[in-house]
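Following: one structure in structure tokens, then a few remarks.
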Protein chains: 2
Amino acid sequence: MSLGAKILVACLNPALDITHEVPEVDWDGVNRPTAVHARPGGKGTNVARTLHSFGIPVLLLGLAGGGTGTAVETGLRQLGVPVEFTPVAGETRRTFTVVDGRGRVALFNEPGPEVSAAEFARFWVAYAAALAEADAVVLSGSLPRGLPAGQLAGLITQAAAAGVPAVLDTSGDALREGIAAGPAVVKPNLAELEELSGRALTGADGEAELAAVKSAAAALRADGAGAVVVTLGRAGLLAVTADGCWRARPPAALAGNATGAGDAVTAALAHGLVLGRRWDERLRHAAALGAAAVAAPVAGEFSPDAYAAGLGSVTVRRETVQPEEGSSCR
Amino acid sequence: MSLGAKILVACLNPALDITHEVPEVDWDGVNRPTAVHARPGGKGTNVARTLHSFGIPVLLLGLAGGGTGTAVETGLRQLGVPVEFTPVAGETRRTFTVVDGRGRVALFNEPGPEVSAAEFARFWVAYAAALAEADAVVLSGSLPRGLPAGQLAGLITQAAAAGVPAVLDTSGDALREGIAAGPAVVKPNLAELEELSGRALTGADGEAELAAVKSAAAALRADGAGAVVVTLGRAGLLAVTADGCWRARPPAALAGNATGAGDAVTAALAHGLVLGRRWDERLRHAAALGAAAVAAPVAGEFSPDAYAAGLGSVTVRRETVQPEEGSSCR
């Protein structure tokens with residue numbers, strides 16, 4: 001490993017993210033955007049971009065098709081991100097965002113292509129080959145239509161067989177089944193954790209109820225995850241690990257674009273994993289990078305200054321856990 | 001000409017038209033479209049598609065770049081439309097339409113690439129070569145950013161030098177300067193004619209004031225146009241020609257998608273030109289095809305049944321003109 005640890009990122013449902021800035025939107029007429037942006041998107045794509053901008057050797061795998069798939073791949077190559085997409089017959093999805101002058105944001109998410117079993121089998125061949133060179137794998141984002149929820153679990157099992165630890169960031173059944181396959185780290189947000197645990201984890205004030213969050217996260221460890229890192233938005237991170245429970249808090253509420261902040265956290269967790277950092281340091285970096293992503297206007301990018309500043313100002317604290325919150329969090 | 005007359009269509013600023021159907025739009029949240037359509041767009045592209053679907057030999061020329069340009073070209077090839085785009089460094093524009101369940105339509109038009117003089121010079125070479133094989137040329141749509149308004153006039157002059165009559169459908173200064181170059185036919189809509197003539201042409205009820213429209217159209221003939229056909233929406237067409245004034249009316253107000261109806265009229269006028277049809281027959285076909293385009297859900301397509309029916313039910317009438325309306329309309 002002359003270039004250091006290599007991280008494989010799988011983005012099964014990448015996107016072309018298109019943003020139009022329209023000062024005064026006419027929702028029943030013709031608009032002429034004053035600014036247009038188009039960039040590679042999807043959670044795994046953001047993770048790979050962030051790791052790449054750290055100088056970490058990365059390979060992005062995924063499934064892509066049509067002109068939109070070509071545009072995503074071209075955009076990644078222009079950014080210098082190594083990418084190997086398996087072609088599919090369907091058209092890669094677009095996301096379309098309209099930002100108006102009053103800060104309202106309307107997002108239109110296309111469903112993306114339906115992927116056949118034969119196409120996914122070809123992806124699997126590329127994935128298995130890439131695992132031989134990888135020190136960690138990140139599985140991030142939704143499954144394409146047409147694939148059973150258990151396919152992410154299968155990819156984790158395949159990685160484990162190659163001795164490669166997995167970081168998982170997805171939702172719903174794919175998350176539930178993926179956890180059972182034993183990923184090293186899972187990174188749900190509060191909504192995903194609520195869906196999985198089947199109960200509300202916020203109080204009447206809308207803030208996370210930490211005791212309940214710890215308990216729900218500990219349950220995911222019991223189900224198979226090596227560690228669980230819950231993103232709490234402006235309230236930072238809560239981690240339940242074999243090394244205990246930790247809370248990382250950014251110094252202050254940040255203004256900016258929260259889209260992609262979770263992906264920055266995922267990237268930092270994967271980096272901390274391959275570096276073998278202590279959990280408190282992993283979380284310090286993850287919280288600082290998440291905050292630095294909020295400070296950048298574009299998902300998949302971060303503010304290096306905000307990151308450097310955040311490393312000094314994030315507070316990381318070991319959490320005590322009440323017995324009823326689960327024995328795995330001590 | 002073993003295959004009959006060939007029509008060259010120049011679309012300098014083509015587009016990829018993307019439509020999202022969203023039953024209940026949240027203008028400040030996340031939407032998941034129930035249907036997504038993407039197809040080649042731009043006025044000239046619609047004209048070429050319509051002519052091609054009549055079996056008329058056509059060649060579409062234009063300027064295109066980036067992944068979106070590739071997507072437009074791929075889409076045209078899939079439709080079988082012969083196309084020869086000159087590559088440009090900028091990214092071809094997208095139009096994005098959101099149709100909600102209550103019939104509201106929000107359209108977002110990207111400006112499209114800025115085209116350099118060197119890029120346009122390369123287009124010109126392709127255009128001049130294609131003129132040698134053409135019986136008519138259609139110049140339809142807006143000029144890309146970066147090109148002076150007089151460039152369409154230059155293309156008309158070049159065509160005239162090759163003995164090829166031109167049909168012009170554009171707006172603003174490009175229309176004004178183009179008319180001076182002597183196109184065989186110009187096809188303004190009411191708004192374009194109002195802008196050019198500098199006066200309102202509708203009454204208090206919003207309907208076109210025919211006498212004023214005739215007068216304004218006659219003025220464009222005096223400025224250089226061989227014939228002027230004004231599209232009046234549901235009120236049909238008004239033509240001022242060397243053969244007199246004509247009015248063509250569809251039988252009834254049509255429900256449907258008026259986008260692209262003007263392009264169908266342009267296609268029919270070009271077809272009538274190369275066939276040497278009498279003006280009343282040109283207008284009958286043009287009005288019927290415009291109505292048939294309204295009856296089709298997609299710009300650039302038309303309903304063959306509505307077209308056939310329209311040919312029998314459109315009324316074409318020679319108009320009398322008052323002396324003050326211009327001597328060229330007698």
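Nothing in this text is a laboratory measurement; each read-out follows from the coordinates by a stated rule. A quick note: this is a predicted structure, and the numbers were derived from the prediction, not measured. Using ideal geometry, Cβ is built from the backbone for each residue, glycine included, and neighbour counts are taken over all protein chains shown.
Below are the figures for this structure:
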read-out: Selection from A:HIS37, A:ALA222, A:THR68 lying farthest towards where the dipole of chain A points positive, charges on Cβ; value: A:ALA222
read-out: Three-way shape label, the stretch A:1-122, alpha-carbon gyration tensor, a/c 1.5; value: oblate
read-out: Inter-copy label distances at A:GLU21 (7 Å, Cα→Cβ; nm, one decimal); value: 3.4
read-out: Gaussian network model of chain A, springs between alpha carbon atoms under 10 Å - residue of A:ALA239, A:ALA204, A:ALA286 with greatest fluctuation; value: A:ALA204
read-out: Relative contact order (%) - criterion: Cα under 8 Å, at least six apart; region: chain A; value: 15 percent
read-out: Hz values of 3J(HN,Hα) by residue in the stretch B:171-188 - Karplus curve (6.51, -1.76, 1.60), Gly and Pro given as x; value: 8, x, 5, 4, 5, 4, 6, x, 4, 5, 7, x, x, 5, 9, 10, 10, x
read-out: Partners for B:LYS6 among lysines (Cα-Cα distance below 21 Å; same-chain residues under 8 apart left out); value: B:LYS43, B:LYS187
read-out: GluC sites (Glu not before Pro) within the stretch A:58-125, DSSP loop, no more than 13 other Cβ atoms inside 10 Å; value: none
read-out: Amide H contacts under 5 Å for B:ASN31, placed H, 5+ residues apart; value: A:LEU107, A:PHE108, A:ASN109
read-out: Positive-end residue of A:SER140, B:CYS245, A:PRO87, charge dipole of the protein assembly as shown with Cβ unit charges; value: A:PRO87
read-out: Nonlocal amide H pairs with B:ALA15, under 5 Å, H built at 1.01 Å; value: B:GLY41, B:GLY42
read-out: Position A:ARG104, label points 7 Å along Cα→Cβ, spacing to each other copy in nm (shortest first, one decimal); value: 0.8
read-out: For B:66-79, mean number of other protein chain Cβ atoms within 10 Å; value: 3
read-out: Net charge dipole size for chain A [Lys, Arg +1 and Asp, Glu -1 on Cβ; Debye, nearest 20]; value: 740 debye
read-out: Whole-Hz couplings from phi, Karplus 6.51/-1.76/1.60, listed for the stretch B:153-160; x for Gly and Pro; value: 4, x, 5, 5, 4, 4, 5, 4
read-out: Top of A:LEU210, A:LEU59, A:LEU155 by mean-square fluctuation, Gaussian network on chain A, Cα under 10 Å; value: A:LEU210
read-out: Unit charges at the beta carbon, dipole of the protein assembly as shown: most positive-side option, A:GLY198, B:VAL314, A:ALA166; value: A:ALA166
read-out: Prolate/oblate/rounded call for the stretch B:42-108, Cα gyration tensor, a/c under 1.5 rounded; value: oblate
read-out: Label point 7 Å beyond Cα along the C-beta direction, distances from B:GLN78 to other copies (nm, shortest first); value: 2.3
read-out: The stretch A:184-330, dipole about Cα centre (Lys/Arg Cβ +1, Asp/Glu Cβ -1), debye to the nearest 20; value: 460 debye
read-out: Span from the the stretch A:121-194 Cα centroid across to the the stretch A:1-55 one, whole angstrom; value: 21 Å
read-out: Normalised contact order of the stretch A:184-330, rounded percent, pairs of Cα under 8 Å and 6 or more residues apart; value: 25 percent
read-out: Test item: Cα-centred dipole of the protein assembly as shown, Lys/Arg +1 and Asp/Glu -1 on Cβ, debye; value: 560 debye
read-out: GNM flexibility winner over chain A from A:LEU147, A:LEU237, A:LEU76 (Cα, springs under 10 Å); value: A:LEU147
